[in-house]
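Trainee: For reference, the structure I am asking about is given below.
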Amino acid sequence: MLNRRSLLALLFVLSAIGAAAAQPSQDPLPSWNDGAVKKSIADFVARVTTQGGADFVPVEQRIATFDNDGTLWCEQPVDFQLAFAFDRIKAMASQHPEWKTTQPFKALLDNDMKAFAATGEKGLLQIMTATHSGMTIDEFRKVVLDWTATARHPGFNRPYTDLVYQPVLELLAYLRANGFKTFIVSGGGIEFMRPWTDKVHGIPPEQVVGSSGVAKLQTGANGKPELTKLPKVEFIDDGPGGNRSIGRRSIFAFGNSDGDLQMLQWTTAGEGARFAGIVHHTDAEREYAYDRQSKIGKLDKALDEAKAKGWTVVDMKQDWKKVFAFEP
């Protein structure tokens with residue numbers, strides 16, 4: 001027979017269990033407003049993870065792909081990799097006195113963006129070559145990490161890595177908790193992204209797909225082999241490049257621009273349950289508002305196709321309670 005103390009303890013435990021059961025389950029997407037967009041995500045995940053259901057997808061086939069710029073983090077007023085290249089030109093200028101009189105370098109050193117724009121694609125390629133080659137992979141990784149630790153966004157005055165979208169971070173975690181393997185598939189440089197994506201997005205370097213340059217194996221000063229970045233492009237990821245590296249068609253894909261349209265088309269062309277999502281930048285107050293006319297992250301054809309095919313379009317202003325984690 002239970003004594004009075006044991007009986008009270010048992011009643012306390014039962015009461016605690018009952019209270020816990022009465023509490024609603026924790027929302028995995030707390031930064032998303034309730035509505036059709038949030039529901040479409042939850043419904044899709046439930047469909048593909050319900051054992052025995054008509055749309056059940058085995059764990060090994062649960063592949064989710066995300067664009068980076070404008071989908072996982074901010075991309076305005078210029079792509080962050082381009083901001084990195086601009087900063088590198090200024091940091092390297094003392095080693096290249098000829099840049100003071102040579103375009104496109106002179107334009108950047110003079111902060112003359114109009115003159116830089118006039119150099120066109122050729123000028124941009126020269127800048128990217130000067131800042132992304134001529135060093136080992138390990139040296140470049142350190143340069144990137146030093147930049148992300150010190151550089152600050154001109155509009156927000158915060159580190160660039162603070163400008164990741166809190167709702168998308170929650171979405172990544174939610175998918176992984178449900179057996180998905182998450183990948184970045186971006187036109188950005190793979191060696192620029194890999195040093196920080198694991199810490200910032202929770203996506204390890206081997207799950208990052210992007211554009212790449214040629215690297216050459218050679219013997220370093222210490223007598224050990226090292227990979228050196230050469231001024232030559234190996235692969236530009238401007239289409240469904242994920243297939244090149246992942247080996248499986250994704251069943252879930254998120255982008256934000258026409259540059260992601262092929263990835264979304266490739267994902268939805270497969271059999272079975274498929275999800276395509278687009279982040280529509282509509283919030284000029286908390287971030288930026290842009291779409292069809294933007295020179296960066298243009299969203300035109302993909303927006304039309306999303307509406308025609310019933311893809312999920314995230315209205316940043318309406319669907320996100322907060323954009324960045326640092327918001328109150």
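The values are calculated or read from the model by the stated rules, or taken from the named source; none is laboratory data. Keep in mind that what you see is a predicted model, and the values were worked out from it rather than measured. Don't worry about glycine lacking a Cβ; one is built from the backbone with ideal geometry, like all the others, and counts go over all protein chains shown. For accessibility, only protein heavy atoms count, side chains too; no ligands or nucleic acids. Shrake-Rupley method; radii C 1.70, N 1.55, O 1.52, S 1.80 Å.
Trainee: If I fit a long axis through the Cα atoms of helix 120-132 and take the longest principal axis of the Cα atoms of the chain, what angle between them do I get, 0 to 90°, rounded to 10?
Mentor: Taking Cα atoms only, the helix is inclined about 80 degrees.
Trainee: Here's something else I'd like to know. Just need the Rg to Rh number for the stretch 169-210, please, alpha carbons only, Kirkwood Rh.
Mentor: Reported Rg/Rh (Cα atoms, Kirkwood Rh): 0.97.
Trainee: A further question on this structure: Helix 4-22 against the longest principal axis of the chain: what's the angle in degrees, Cα atoms only, rounded to the nearest 10?
Mentor: 50 degrees
Trainee: How tilted is helix 137-150 with respect to the longest principal axis of the chain? Cα atoms for both, answer in degrees (0 to 90, nearest 10).
Mentor: 70 degrees
Trainee: Helix-only mean residue ellipticity at 222 nm, the chain, DSSP H runs n ≥ 4 weighted -39,500 (n - 2.57), per residue, nearest 500. What is it?
Mentor: Estimated from H runs of four or more residues: -11500 deg cm²/dmol.
Trainee: Over 31 Å between Cα atoms, which of Lys232/Lys322; Lys106/Lys224; Lys38/Lys298; Lys114/Lys181; Lys38/Lys142 qualify?
Mentor: Over 31 Å apart, Cα to Cα: Lys232/Lys322; Lys106/Lys224; Lys114/Lys181; Lys38/Lys142.
Trainee: Hey, another quick one. Considering only C-alpha atoms, what is the centroid distance from the stretch 207-230 to the stretch 42-75, in Å?
Mentor: Taking the Cα centre of the stretch 42-75 as reference, the centre of the stretch 207-230 is 33 Å away.
Trainee: Separate question: Compute the signed sum of charges (Lys and Arg +1, Asp and Glu -1) over the other residues within less than 11 Å, Cβ to Cβ, of Trp320.
Mentor: Here the count lands on -1.
Trainee: Could you point to the residue in Thr228, Leu169, His153 farthest towards the positive end of the stretch 89-245's charge dipole, with +1 and -1 charges on the Cβ of Lys/Arg and Asp/Glu respectively?
Mentor: Final value for the positive-end residue is Thr228.
Trainee: Looking at the square roots a ≥ b ≥ c of the eigenvalues of the Cα gyration tensor of the stretch 188-328, which shape do they give, rounded for a/c under 1.5, prolate if a/b is larger than b/c, or oblate?
Mentor: Because a/c hits 1.5 or more and a/b exceeds b/c, the stretch 188-328 counts as prolate.
Trainee: Residue by residue through the stretch 217-232, what is 3J(HN,Hα) from phi via Karplus (6.51 cos²θ - 1.76 cosθ + 1.60, θ = phi - 60°)? Round to whole Hz and write x for glycine and proline.
Mentor: 7, 8, 8, x, 4, 8, x, 9, x, 8, 9, 10, 7, 9, x, 8
Trainee: While we're on this one: Which of the three applies to the stretch 30-89, rounded, prolate or oblate, going by the alpha-carbon gyration tensor with a ≥ b ≥ c and a/c under 1.5 meaning rounded?
Mentor: oblate
Trainee: Just to confirm, what accessible area per residue do you get for the stretch 95-184 at 1.4 Å probe, in whole Å²?
Mentor: For the stretch 95-184, the solvent-accessible area averages 52 Å² per residue.
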